[in-house]
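Asker: Attaching a single structure in structure tokens format; questions to follow.
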Amino acid sequence: MLYGRADGSPLPQIPCAAAAPILDGVNSMDNNITETALESEIHYCAVHPERDTGLRCNRCERYMCVDCAKRTPVGYTCRECVRGHEDRFFEGTVLDYGLVAAACVVGGALTPFVMLLLGGFFILGFIVAPAIGGGAAQIALQLTGRRRGRYSAYVAAGGVLAGGIASAFLLVGGLGLFTLLYLALATSAAYARFKASI
Ligand SMILES: [Zn+2]
Ligand SMILES: [Zn+2]
């Protein structure tokens, strides 16, 4: 009752271990008449039962203290709901990770090769390397239907870097300073492409 909604219906079940002590708390308070008298005034955080609060999650409507509230564009949301939202948002599968890695390894491997082709015009590498990294990430996004996993950006960056290092060793037997610089540019471009698309 203390934690019920305005229309008297019970709150939804909170699928969270942290909620258990609070539900116990509700029962003990329902037995306490003096506490119940305050029920319309004071609500407590669902995670921190000792903190009273007027803040409610805009998704699951549980009460939460300022530490538990996350500000979103549409209001304050509890941590569990933010997390659940992200999990739905990040819908990438293992196959997607594989595709991202493959596309980015190829892109990374191309980087030292293109540098070799550029030869004396190595200064062009500062434009070309990010374009290759970003392009590989773009292809990866298209291959996976723009689905992203929580770690897609890291897989993309790692793929470009690994492909680039392997190819540099195969082509020129090692990593020169410029090759490293180009690979860093290509890697950060691939990472940024995935982050930007979120
Ligand atoms: Zn919530
Ligand atoms: Zn709290």
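The values are calculated or read from the model by the stated rules, or taken from the named source; none is laboratory data. A quick note: this is a predicted structure, and the numbers were derived from the prediction, not measured. Backbone-built Cβ (ideal geometry, glycine too); neighbour counts: all protein chains shown.
Asker: Hey, any hits in segment 110-124 for a residue that's modelled with pLDDT under 85, of a type in the set (Ser, Thr, Tyr) and either surrounded by fewer than 22 Cβ atoms within 10 Å (Cβ to Cβ) or more than 16 Å from ligand 2 (Cβ to nearest atom) (or both)?
Answerer: For segment 110-124, residues modelled with pLDDT under 85, of a type in the set (Ser, Thr, Tyr) and either surrounded by fewer than 22 Cβ atoms within 10 Å (Cβ to Cβ) or more than 16 Å from ligand 2 (Cβ to nearest atom) (or both): absent.
Asker: Something else now. Residues that are within 12 Å of residue 140 (Cα to Cα) and in the same structural domain as residue 182 (by TED's automatic domain parsing): does segment 111-123 have at least one? Show your work before the answer.
Answerer: So the first thing to find is which residues in segment 111-123 are within 12 Å of residue 140 (Cα to Cα), and the list is none.
Checked segment 111-123: no residue is within 12 Å of residue 140 (Cα to Cα) and in the same structural domain as residue 182 (by TED's automatic domain parsing).
Asker: Something else: Could you grab me the full set of residues in segment 101-152 that are in contact with a helix residue (DSSP H, G or I) (Cβ under 7 Å, 6 or more places away or on another chain), farther than 20 Å from residue 196 by Cβ and small (Gly, Ala, Ser)?
Answerer: Listed by number, the residues that qualify are 109, 125.
Asker: In segment 124-145, which residues are of a type in the set (Val, Ile, Thr) and within 14 Å of residue 157 (Cα to Cα)? Step through it out loud before you land on a result.
Answerer: Here is the first cut: in segment 124-145, the residues of a type in the set (Val, Ile, Thr) are 127-128, 132, 139, 144.
Residues satisfying the conditions are 132, 139.
Asker: For residues in segment 39-93 being more than 13 Å from ligand 2 (Cβ to nearest atom) and of a type in the set (Phe, Trp, Tyr), which is modelled with the lowest pLDDT?
Answerer: Filtering segment 39-93 for residues that are more than 13 Å from ligand 2 (Cβ to nearest atom) and of a type in the set (Phe, Trp, Tyr), the one modelled with the lowest pLDDT comes out as 89.
Asker: Moving to a separate point now. Report every pair of residues separated by at least 6 positions or lying on different chains whose Cβ atoms are under 6 Å apart, first residue within segment 57-70 and within 7 Å of ligand 1 (Cβ to nearest atom), second in a loop (DSSP other than H, G, I, E, B).
Answerer: These pairs meet every condition: 57/64; 62/46.
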